[in-house]
């Protein structure tokens, strides 16, 4: 058990302990069976032992023997209180619930079981003097007390376990949220870095383009004088070196412009869709799902191919999981002109039961799911927005769900004769 939750429960237990002890002192103040000052000594010892158990959990959470020793001293104190307040007829035998409460909140189920056995044994020890004049009423009384303690221990144990499970779930969810935040920060940083690299690449390309012209002039004049002939051999050698250096610099500029052009080159959407379909093929085949692809030819996107592949792979996997007995998934893509810009509209449709309305309203929020972790669609939409687009979802009339991915697109000469294929 983690030390931090134990310390938090110890603080709560101490507050509850003071309330219980004050209440008991008030209820028992007029009981004629209380023998003073002995009973006060044992009450003080009980309070000290219970606080010692809480303190030991707070300061030394891993030393279970120390916790057990504090609980045993508490049982002995309760036996003393019972003896000096009427013996077997004392109503203060209910104090045995206090160490059970301590073990359930501060320790584990095994410690609770041993504490319950100790409480039953301590209560039974007071009946030893009655063995010479044992009666059925004494048997019933002892059995009833033992049953009450056992049932109380079972109830406290279940409540404590439910609380620990709730704490564990909260801890796991908190960790998932932290991981999500770290992932978002990393993705944002990567995107900013990539955007910065693209800016640097574009600036380098412009500089290389501007330098290539004067370099061409320098190289041309050097070659011209070399071709005309130079009487001074030293000057001819220098001109040759100038021409070679200018040619080398021209090559560097051409390479810079080529790399910048390659980094900014649009990606063919059909290539990206086919790559995602290949990765999703094992899941589709296992669930007997048929895949149909229909993409406008020449449609290219201005986005990082790997990011789009991850989004499509997540959508294909979700669509396959939504169909328990097989079916068809259709991936279609078209171009759309809106607000003076070209967009690639990619739709992923399935033949499943669709999305519940309650889930659809908050589908892209973290931890909203009909199965899984509930983070895939949230991260997919974030990725789409980082790429300058968006991701939305809706139910298809008659059954099924449709996810629409919108991405910036490059203009194409023609949209006729769309590419299509079907796999099963």
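The values are calculated or read from the model by the stated rules, or taken from the named source; none is laboratory data. Predicted, not measured: the structure shown is a model, and the values here were computed from it. All Cβ positions, even for glycine, are placed from backbone atoms using ideal geometry, and neighbour counts span all protein chains on display.
Worth pointing out:
- Restricting segment 379-401 to residues that are in a strand (DSSP E or B) and surrounded by fewer than 18 Cβ atoms within 10 Å (Cβ to Cβ), the residue that is farthest from the chain's Cα centre (by Cα): 395
- Residue 161 vs. criteria modelled with pLDDT of 65 or more and either in a helix (DSSP H, G or I) or touching a helix residue (DSSP H, G or I) at 6+ places or on another chain (Cβ under 8 Å) (or both): yes
- Yes/no for residue 141 being in contact (Cβ under 8 Å) with a residue 60 or more places away in the chain and in a helix (DSSP H, G or I): no
- Meets criteria (in the same structural domain as residue 51 (by TED's automatic domain parsing), over 20 Å from residue 43 (Cβ atoms), assigned to a helix (DSSP H, G or I) and in contact with a helix residue (DSSP H, G or I) (Cβ under 9 Å, 6 or more places away or on another chain)) for residue 94: no
- Residue, modelled with the lowest pLDDT, within segment 250-262, restricted to residues that are farther than 18 Å from residue 224 by Cβ and surrounded by 15 or more Cβ atoms within 10 Å (Cβ to Cβ): 260
- When each of 124, 139 is tested for being within 30 Å of residue 40 (Cα to Cα), at pLDDT 85 or above, out of contact with any strand residue (DSSP E or B) (no Cβ under 9 Å at 6 or more places or on another chain) and outside the structural domain of residue 69 (by TED's automatic domain parsing), the lone residue that passes is 139.
- Of 333, 344, all but one fail to be over 22 Å from residue 399 (Cα atoms), touching a helix residue (DSSP H, G or I) at 6+ places or on another chain (Cβ under 9 Å), modelled with pLDDT of 90 or more and in a strand (DSSP E or B); the exception is 344.
- Looking at 103, 147, just one residue is assigned to a helix (DSSP H, G or I), surrounded by 11 or more Cβ atoms within 10 Å (Cβ to Cβ) and out of contact with any helix residue (DSSP H, G or I) (no Cβ under 6 Å at 6 or more places or on another chain), and that residue is 147.
- Qualifying residue in segment 303-323 (condition: outside any helix (DSSP H, G or I) and either outside the structural domain of residue 405 (by TED's automatic domain parsing) or closer than 17 Å to residue 409 by Cβ (or both)): yes
- Among all positions in segment 304-326, there is at least one residue which is modelled with pLDDT of 80 or more, farther than 20 Å from residue 393 by Cα and either crowded, with 19+ Cβ neighbours inside 10 Å or in contact with a strand residue (DSSP E or B) (Cβ under 8 Å, 6 or more places away or on another chain) (or both).
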